[in-house]
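Structure record follows, encoded as structure tokens.
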Amino acid sequence: AQSVTQLGSHVSVSEGALVLLRCNYSSSVPPYLFWYVQYPNQGLQLLLKYTTGATLVKGINGFEAEFKKSETSFHLTKPSAHMSDAAEYFCAVSNGGGSNYKLTFGKGTLLTVNP
Amino acid sequence: GAVVSQHPSWVICKSGTSVKIECRSLDFQATTMFWYRQFPKQSLMLMATSNEGSKATYEQGVEKDKFLINHASLTLSTLTVTSAHPEDSSFYICSARDNLSGNTEAFFGQGTRLTVV
């Protein structure tokens, strides 16, 4: 079984400030971890993913996340928030990378960016 | 990256009618596609796994006779909401992986907003 917990359903930051969105996971096997972004009334876009190898993963739009096995965490960060970063962010875990492996999503964190 | 297209992007239907939503992988083959439902300000809940050429696998609590899934080709899966009711109003999203490339990324459609009146 696998699960994802996103701490904080809503995070508000000022433009230019650090963005930190928290994600903890539970998985009985080595996990594959993902962060997705969703803009209103749209599907999901992949920001970054961790499968194996380097634990610090860089994604699009300046985001990065670090896989910490000891803490079962995969927090998403960005050094400087931009207004265009305002969206819903979902952390997800998969117990494999094959085409039929399911994604389990967290409840999402709404990021607002204040001018 | 690979593209998954959903159609329609929004639909309004009368209570009691059926609505079909299409999910296409435009530039890759997908033996497996996934259908999710998302309520306002909530996460995505997996409804079913669509398998090309065989029956879909439904998650617990999802009525298979109400949400009919057909995956007749490697690039198309359809979800039909039968005898729709207002409580079926939701945002439906499909996703697929490119099974030939081995890419671990799941590509998502843009979603379909269903409103039942």
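Laboratory data are not the source of any read-out in this text; all were calculated from the coordinates shown. From a predicted model like this one, the values you see are computed outputs, not experimental measurements. Here the Cβ is made from the backbone with ideal geometry for all residues, glycine too, and neighbour counts use every protein chain on show.
Miscellaneous remarks
- Check on B:Gly111, out of contact with any helix residue (DSSP H, G or I) (no Cβ under 7 Å at 6 or more places or on another chain), at positive phi and buried (at least 20 other Cβ atoms within 10 Å of the Cβ): yes
- Residue in the range B:95-105 that is surrounded by 14 or more Cβ atoms within 10 Å (Cβ to Cβ), part of a strand (DSSP E or B) and either more than 10 Å from every other protein chain (Cβ to nearest Cβ) or basic (Lys, Arg) (or both) present: no
- Within the range A:39-50, the set of residues being over 8 Å from the mean Cα position of the chain (by Cα), farther than 17 Å from B:Val3 by Cβ and not in a loop (DSSP other than H, G, I, E, B) comprises A:Lys49, A:Tyr50.
- Residue tally, condition over 21 Å from A:Ala87 (Cα atoms) and either of a type outside the set (Ser, Thr, Tyr) or under 12 Å from the mean Cα position of the chain (by Cα) (or both), over the range A:18-31: 4
- Among the residues listed as B:Thr75, B:Thr115, B:Thr80, the single one being under 30 Å from A:Leu110 (Cα atoms), in contact with a strand residue (DSSP E or B) (Cβ under 6 Å, 6 or more places away or on another chain), more than 11 Å from chain A (Cβ to nearest Cβ) and of a type in the set (S, T, N, Q): B:Thr115
- Every residue from the range A:51-65 that is within 24 Å of A:Glu15 (Cβ to Cβ) and outside any loop (DSSP other than H, G, I, E, B): A:Lys58, A:Ile60, A:Asn61, A:Gly62, A:Glu64, A:Ala65
- Cβ-Cβ under 6 Å pairs, at least 6 apart or on other chains, the range A:41-57 side of a type in the set (Val, Ile, Thr), far side surrounded by 17 or more Cβ atoms within 10 Å (Cβ to Cβ): A:Thr51/A:Tyr32; A:Thr51/B:Thr104; A:Thr55/A:Phe67; A:Val57/A:Leu48; A:Val57/A:Tyr50; A:Val57/A:Ala65
- Qualifying positions in the range B:30-56 - surrounded by fewer than 16 Cβ atoms within 10 Å (Cβ to Cβ) and over 21 Å from B:Phe91 (Cβ atoms): B:Gly53, B:Ser54, B:Lys55
- Within the range B:1-40, strands (runs of 3 or more DSSP E) holding 1 or more residues that are within 14 Å of B:Asp98 (Cα to Cα): B:4-7, B:19-25, B:32-38
- If the condition is being small (Gly, Ala, Ser) and more than 9 Å from every other protein chain (Cβ to nearest Cβ), then the range A:33-65 contributes A:Gly53, A:Ala54, A:Gly59, A:Gly62, A:Ala65.
- Considering the range A:53-77, and only residues there that are in contact with a Leu (Cβ under 9 Å, 6 or more places away or on another chain) and of a type in the set (A, V, I, L, M), the residue that is farthest from A:Ser27 (Cα to Cα) turns out to be A:Ile60.
Residue by residue, here is whether (1) part of a strand (DSSP E or B); (2) away from chain B (no Cβ under 14 Å) holds:
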| site | (1), (2) |
| --- | --- |
| A:Leu76 | yes, yes |
| A:Ser80 | no, yes |
| A:Ser84 | no, yes |
| A:Tyr89 | yes, no |
| A:Tyr101 | no, no |
| A:Leu110 | yes, no |
| A:Val113 | yes, yes |
